[in-house]
1. Report the longest stretch of chain A that contains none of the trypsin sites (Lys or Arg not before Pro) sitting in a DSSP loop with at most 15 other Cβ atoms within 10 Å.
2. Compute the helix-to-body angle for B:193-219: its Cα long axis versus the longest principal axis of chain B, expressed 0 to 90° and rounded to tens.
3. Could you work out the local net charge near B:Ala120, counting Lys and Arg as +1, Asp and Glu as -1, over the other residues with Cβ closer than 14 Å to its Cβ?
4. Can you show me the helix-derived [θ] at 222 nm for chain B, built from DSSP H runs with n ≥ 4 at -39,500 (n - 2.57) apiece and divided by the number of residues, rounded to the nearest 500.
5. Please turn the phi angles of region A:10-23 into ³J(HN,Hα) values with the Karplus equation 6.51 cos²θ - 1.76 cosθ + 1.60 (θ = phi - 60°), one per residue in order, whole Hz, x for glycine and proline.
6. Around A:Thr120, with a cut-off of 15 angstrom between Cβ atoms, what is the net charge of the other residues, counting Lys and Arg +1 and Asp and Glu -1?
7. Counting Lys and Arg as +1 and Asp and Glu as -1, each charge on the Cβ, what is the dipole of chain A about the Cα centre in debye, to the nearest 20?
8. Can you work out ³J(HN,Hα) from phi for every residue in region A:247-258, in order, using Karplus 6.51 cos²θ - 1.76 cosθ + 1.60 and θ = phi - 60°, giving whole Hz and x for Gly and Pro?
Amino acid sequence: MITFEEIKRSLLISLWFVFLTFPIMVIRVNSIEKIVEWRWMNILYVAVGSFVLSMVFRYFMKRKEMQAGAKDDDQDTLGQSFVHKILSIPKYRNMLYGGILIIATVYPFVFSTYQINIMTTALMYVVLGLGLNIVVGLAGLLDLGYVAFYAVGAYTYALLNHHFGLGFWIVLPIGGLLAAFFGILLGIPVLRLRGDYLAIVTLGFGEIIRLILENWGEFSQGPSGISNISRPSLFGLDLPLEQAIIYLYFLMILLVIFTIFFVNRLQDSRLGRAWIALREDEIACQAMGIDKMKTKLVAFSLGAFWAGIIGVVFAAKTTFINPASFTFLESAIILSIVVLGGMGSIIGVIIGALVLILMPEYLRALSEYRMLAFGAILVCMMVFRPEGIISSVRRTYTYKPQKNSNRS
Amino acid sequence: MDYFIELFFSGLTRGAIYALIALGYTMVYGIIGLINFAHGEIYMIGAFTAFIIATVLSILGFPAIAIFVLAGFAAVIWSASYGYTIEKIAYKPLRHAPRLSPLISAIGMSIFLQNYVLLAQTSDFLPFPGLIKDFQFMEPIAHIVGSTDLVILVTTTVVMILLTCLIKYTRIGKAMRATSQDRMMARLVGINVNRIISVTFVIGSALAAIGGLLIASHIGQINFYIGFIAGIKAFTAAVLGGIGSIPGAVLGSVVLGLTESFATGYVSSDYEDVFAFSLLVLILIFKPSGLLGKADTQKV
């Protein structure tokens with residue numbers, strides 16, 4: 001399997017990485033006190049790590065090439081076909097759904113408030129991921145400023161609550177609609193652009209929103225943020241803290257179910273099919289009479305709508321927001337969720353969100369390396385498995401010859 | 001009037017630095033049609049390498065000018081190596097993937113590199129040693145144009161001239177132009193396209209490293225996050241001038257630098273970055289092909 005030649009190449013690669021990482025990994029200087037710290041041990045780590053990684057890298061590349069050679073779409077990896085197999089049998093599917101529903105219902109009564117809070121956050125990211133999935137996964141528009149719409153929702157609630165005392169339930173649709181409006185406002189000029197330009201402009205837009213929130217003190221109270229935002233009330237009742245958390249958790253469960261239902265229906269609708277077609281080939285799409293601009297705009301504003309809604313929930317959950325919560329990294333995390341889970345695949349996005357949000361929470365020791373891992377995940381997923389953990393399955397129509405028809 | 005001239009020169013200096021970074025974007029885009037998101041990070045790594053080497057050398061007691069040159073060399077060498085490696089890992093396997101894939105991979109690379117420097121070094125702002133001493137002959141106009149500005153402008157001009165010669169008159173430059181016009185055809189006439197792409201990344205990264213060294217000694221502090229903003233701004237400049245066009249990148253950078261400088265000087269410094277981003281959005285809406293770019297028509 002592993003030839004001498006490969007080991008030699010990996011050794012060379014590991015030497016190259018030792019050289020590459022030398023100044024940054026080994027030397028740390030303090031220019032004020034004029035101290036140089038040499039961390040020689042890091043050389044060893046880099047050398048061994050890059051050696052192993054290069055072997056793994058080569059193995060996967062080889063496998064990918066072999067797969068490409070075989071080119072057999074049905075025989076994808078086991079995990080994916082397994083999940084889809086379960087979902088294709090109604091009996092198992094219902095059992096699975098029932099199980100998940102029971103676990104979700106019992107969860108807040110078994111675990112502590114802290115755990116519930118984490119789960120609520122994870123569920124928020126599920127919805128955010130599903131919202132971005134409409135834009136990136138279905139319509140193929142790379143939106144790097146998704147967090148801007150999230151910020152619009154959060155600030156809508158915070159400001160309306162702060163100045164006018166409006167409650168959560170009134171602002172929830174307002175926040176969503178306002179975010180959708182911003183989506184249209186940004187979308188009209190920008191959606192004419194080709195994919196990569198769109199990515200940069202949305203990135204710029206995200207930064208503009210954050211900078212305005214940070215600098216326009218009279219409007220948003222600047223970097224110090226807005227505090228004392230009221231939690232959602234239950235039919236006008238204000239709940240004590242612990243119950244409010246459980247309440248919010250169930251609210252998120254409902255929202256997740258609603259989103260899944262909505263996105264699922266959307267996917268197979270005329271609009272959803274138009275998005276997928278647009279993603280695949282714009283020119284062919286136009287030739288078929290699909291209004292390119294309108295279709296993209298709807299995708300963009302729908303994505304923004306979900307972000308706005310979750311923004312409102314976020315403000316209600318933390319009761320305090322400031323611009324630091326809406327940086328580019330947030331957009332990057334949501335994008336990683338969509339990419340890791342599998343662009344266009346609903347189950348994939350849900351699993352992606354749960355993995356990416358819950359994992360760092362439980363591996364506190366590794367939380368420093370979280371962003372590092374996100375970056376690496378994005379690259380590795382694109383190189384080795386662009387379709388994500390669970391790839392989306394196109395609805396296929398098979399022709400079944402009718403056996404019992406008596407036509408002669 | 002003095003204020004105006006001061007702003008003008010500070011804008012020119014900014015523009016020069018942006019140009020050094022923007023060239024990397026534009027060259028890579030011209031050849032493989034990819035927005036190299038990690039390019040800003042290369043520039044940041046260049047600045048960090050220069051910082052580390054410069055501090056070590058200054059502790060060892062080297063003279064200032066030697067430190068400047070050696071740190072510059074180190075920054076160029078390491079940044080170029082990073083550029084080369086990134087291309088091999090994150091972009092080369094995706095040469096034939098859909099357009100979105102290399103872009104996402106580039107964003108991932110950018111996040112990875114930022115956090116790599118953050119973890120291996122520090123998240124604090126580091127004071128960059130003032131390597132460029134004030135010149136005697138600059139004394140009378142020092143309040144308008146600093147010595148550092150002069151060094152930056154001169155260095156950038158020299159680098160630009162060298163780059164133009166490289167692209168216009170050498171064999172490798174000719175091969176680069178051919179590859180950017182038609183990759184398939186270039187391959188047919190015997191150009192090693194993969195090597196040309198690597199060379200492009202190396203040159204672009206080296207330019208970014210020079211930019212990193214210069215801006216670090218100009219501003220006087222560095223941080224793991226500087227690459228992100230600088231990268232977006234340089235990209236804005238590249239788009240402004242028409243992405244893919246080398247003179248366009250320089251022109252766009254100067255225009256962007258001047259705009260920013262005047263806007264912060266006369267309007268407000270809080271919204272410095274907002275001006276740049278708004279400019280980007282406006283250009284893309286009204287003239288997506290940029291000042292000197294060719295409008296590309298999509299053929300079926």
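1. Between exposed loop sites, the widest span is A:195-393.
2. Helix B:193-219 sits roughly 20 degrees off the main axis of chain B.
3. Numbers: positive: A:Arg28, A:Arg39; negative: A:Glu37, A:Glu368, B:Glu41, B:Asp124.
So the environment of B:Ala120 carries a net charge of -2.
4. On the way: 11 runs with 216 residues, N = 300.
When only DSSP H runs of four or more count, the value is -24500 deg cm²/dmol.
5. 5, 4, 4, 4, 5, 4, 4, 6, 4, 5, 4, 8, 3, x
6. Summing Lys and Arg as +1 and Asp and Glu as -1 gives 0.
7. So the dipole magnitude of chain A works out to roughly 1240 debye.
8. Values, residue by residue: 4, 5, 4, 5, 4, 5, 4, 4, 4, 4, 4, 4 Hz.
Laboratory data are not the source of any read-out in this text; all were calculated from the coordinates shown. What you are looking at is a predicted structure, and each value in this text was computed from that prediction instead of being measured. Note: ideal-geometry Cβ built from the backbone for every residue, glycine included; neighbour counts use all protein chains shown.
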